[in-house]
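These notes are about the structure you will find just below.
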Amino acid sequence: MPYSSEHKQKTRSSIVESARVLFNRHGFKDVTIDMVMENAGLTRGGFYNHFNSKEALYKAAVSSFLMGRGARWRADAGIDTTKHDQDMARQMIQGYLSSEHLGDLDGQCPMIALPSDIARSSPDVQSSYQELLEAMVWLFEGNSNGHKARSRQEALSLAALCVGGMVLARTLPDSALAEEVRLAAHHTAFEMTE
């Protein structure tokens, strides 16, 4: 008896989430299909029922963050994307540049965890990464200080500060400099939203 479409979707989602976590931990090159499937509690044979390549899985894992782990992260941080005011931009900065986010390797945004890998990936994978950046920029553009809309340039600068600050901090584990970088990015981003 064939599996239901609901079962297939749950299995696919399990594979994608398993891959997302493993890619965050180890990067694209060091993660194998066997690792992903074992981590998902599945056998390798089922992989090709859902994906035609590891690269296709990588694209799905990056894309999944926005509405998967990223949506849970935004909810936990008190970010309501339907509410357009300065507080939402500040909530995004507060949550994104938090020590909790920096320490959550498995749950980190792919923009922090995978930039070097993405730069070497296919255009399809890069487009998934770009979607994440565009969503952050959209949130910053739409949540201004009330008397004027934030310009695209300001929104891009805020996104670059948030992501760049966290990428630098992540490369300096257990270092006082990492905390200084994170806090400096946080302080400057908050100043930009005043």
Output for Cβ contacts, cut-off 9 Å, separation at least six or different chains, first residue surrounded by fewer than 16 Cβ atoms within 10 Å (Cβ to Cβ) in the range 103-119, second assigned to a loop (DSSP other than H, G, I, E, B), reads 116/27
So, first residue within 14 Å of residue 99 (Cβ to Cβ) in the range 157-174, second residue surrounded by fewer than 17 Cβ atoms within 10 Å (Cβ to Cβ), Cβ within less than 8 Å, six or more apart or across chains; the pairs are 165/184; 169/179
**Q.** Flag if residue 77 is assigned by TED's automatic domain parsing to the domain that holds residue 11, hydrophobic (A, V, I, L, M, F, W, C), in contact with a helix residue (DSSP H, G or I) (Cβ under 9 Å, 6 or more places away or on another chain) and surrounded by fewer than 19 Cβ atoms within 10 Å (Cβ to Cβ)
**A.** no
Going through the range 120-134 in order, the residues found to be more than 15 Å from residue 160 (Cβ to Cβ) and assigned to a helix (DSSP H, G or I) are 123, 124, 125, 126, 127, 128, 131
With respect to residue 87, determine if the residue is outside any helix (DSSP H, G or I) and surrounded by fewer than 19 Cβ atoms within 10 Å (Cβ to Cβ). no
Restricted to the range 28-72 and to residues being outside any helix (DSSP H, G or I) and among the β-branched types (Val, Ile, Thr), the residue farthest from the chain's Cα centre (by Cα) is 43
hydroxyl-bearing (Ser, Thr, Tyr), in a helix (DSSP H, G or I) and either in the same structural domain as residue 106 (by TED's automatic domain parsing) or more than 24 Å from residue 105 (Cα to Cα) (or both): is that true of residue 3 in this structure?
no
Looking across the range 145-194 at residues that are crowded, with 18+ Cβ neighbours inside 10 Å and of a type in the set (Lys, Arg), the single one that is modelled with the lowest pLDDT is 150
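The values are calculated or read from the model by the stated rules, or taken from the named source; none is laboratory data. None of the values given here were measured: they were computed from a predicted structure. Don't worry about glycine lacking a Cβ; one is built from the backbone with ideal geometry, like all the others, and counts go over all protein chains shown.
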